[in-house]
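What follows is a set of notes on a single structure, which appears directly below.
The values are calculated or read from the model by the stated rules, or taken from the named source; none is laboratory data. None of the values given here were measured: they were computed from a predicted structure. Counting neighbours? That spans all protein chains shown, and the Cβs are built from the backbone with ideal geometry, glycine included.
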Amino acid sequence: MSNNRPKRKKLIFYLSLSGLLSIMIFFIEWVGSKESGSLALFADAGHIFADIFAHIISLFALVIASKKPNAKYPFGFHRFEVIAAFLNGLLLIAISIFILYESYLRYYGNADVEAETMLVYSLIGFGINLISAGLLVGVSKTSLNLKSAYLHVLSDLLGTLAVIFGALLIRFTGIKQVDSILSILLGLFILKTSYGIVKESIQILIEADTSEFDKDHLLSHIKVLNGIQSVPKIIVRKLTSGIFSVEIQVAAKENANRDKITFEIHKVLKEEFGVPFVSVEIISAAILQKLDSLTIRESEREFGHHGHEHGHAHDHKGKPIHNHSH
């Protein structure tokens with residue numbers, strides 16, 4: 001842990017600084033959109049707002065990654081990051097719908113857009129964005145989490161570049177509708193991004209099977225281990241970006257060293273695949289068929305209680321009487 005602490009502090013510092021720059025760009029472009037009357041600049045500010053959330057989520061992930069799982073939270077706190085991403089995605093969908101609606105209204109109206117003011121504010125935003133990208137380009141290679149934040153900043157650069165191009169077009173052609181068209185494109189871009197965030201968050205939260213984890217590659221490592229007859233089941237849960245939990249069921253041969261198999265599977269998953277949460281069930285081939293024949297009882301029952309009656313006696317108030325005989 002002591003080796004990772006300075007590295008984590010450095011990552012938190014760079015990410016925090018980049019996040020503060022994004023907040024600065026957001027306010028600059030928001031003020032610029034008010035002063036210039038440009039909806040495209042407001043749309044880009046909305047895109048930057050998404051980037052601010054991405055920074056907060058990445059920071060949150062860096063901080064909670066150091067917190068160890070406990071009895072109440074056996075998988076740690078990684079899902080909090082997913083919940084934050086889900087809420088961010090919903091907010092962005094609302095922002096993008098607002099931008100698209102305003103773009104539609106303004107396209108047919110006579111919106112007054114001051115191209116020079118729009119250009120000045122977008123150039124300032126672009127300059128600060130370049131600094132932010134420069135801060136993250138190096139550290140993004142060391143962390144999957146920071147790589148996603150860096151990609152957000154790069155997409156912001158492209159959005160701001162589009163606004164600069166739009167301002168120049170309005171300045172030299174006088175066609176004010178360019179601002180509305182640009183706003184529609186940026187609104188659709190935010191909608192596409194936010195839909196992806198919401199979809200992935202829901203898939204993680206409902207524990208859908210993930211295609212990100214290479215099960216075939218894992219099977220090729222496990223099937224060569226001594227004493228293994230088959231691997232009937234592998235369940236992979238994605239906890240957050242790049243962090244998985246794996247449950248694996250193995251049918252062992254007779255006289256197989258089960259402890260050795262368990263250790264080897266844990267070793268492969270933790271050291272080769274970087275999976276922190278591993279659960280291994282080793283059974284005999286004979287019991288496998290019996291397990292498949294079991295049926296799950298469907299019954300209405302109170303949460304946390306068995307579905308069968310224990311036959312407890314009750315007093316006149318309806319409370320159970322426990323009769324302990326020795």
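The listed residues are G32, G89, and the only one of them that is of a type outside the set (A, V, I, L, M, F, W, C), touching a residue at least 40 places away in the same chain (Cβ under 8 Å) and more than 26 Å from I243 (Cβ to Cβ) turns out to be G32. Across segment 5-46, the qualifying residues are those that are under 25 Å from the mean Cα position of the chain (by Cα) and among the small types (G, A, S), and the one among them that is farthest from F189 (Cα to Cα) is S16.
Residues are listed down the side, and each one gets a yes or a no for (1) crowded, with 18+ Cβ neighbours inside 10 Å; (2) of a type in the set (G, A, S):
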residue: G19; (1), (2): yes, yes
residue: S38; (1), (2): yes, yes
residue: D51; (1), (2): yes, no
residue: S58; (1), (2): yes, yes
residue: K68; (1), (2): no, no
residue: P74; (1), (2): no, no
residue: F80; (1), (2): no, no
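If you go through segment 273-301 and pick out every residue that is out of contact with any strand residue (DSSP E or B) (no Cβ under 7 Å at 6 or more places or on another chain) and under 16 Å from I228 (Cβ atoms), you end up with 2. Entry remark, segment 174-197: residues being surrounded by fewer than 18 Cβ atoms within 10 Å (Cβ to Cβ), over 30 Å from L269 (Cβ atoms) and within 13 Å of the chain's Cα centre (by Cα) number 1 in total. From F49, F86, F80, grab the single residue that is of a type in the set (F, W, Y), more than 17 Å from T193 (Cβ to Cβ) and under 18 Å from the mean Cα position of the chain (by Cα). F80 is the lone residue from the list that is of a type in the set (F, W, Y), more than 17 Å from T193 (Cβ to Cβ) and under 18 Å from the mean Cα position of the chain (by Cα). A single member of G76, G89 is at pLDDT 80 or above and in contact with a helix residue (DSSP H, G or I) (Cβ under 8 Å, 6 or more places away or on another chain), and it is G89.
Before we move on, is T142 modelled with pLDDT under 85 and out of contact with any Pro (no Cβ under 7 Å at 6 or more places or on another chain)? For T142, the condition - modelled with pLDDT under 85 and out of contact with any Pro (no Cβ under 7 Å at 6 or more places or on another chain) - is met.
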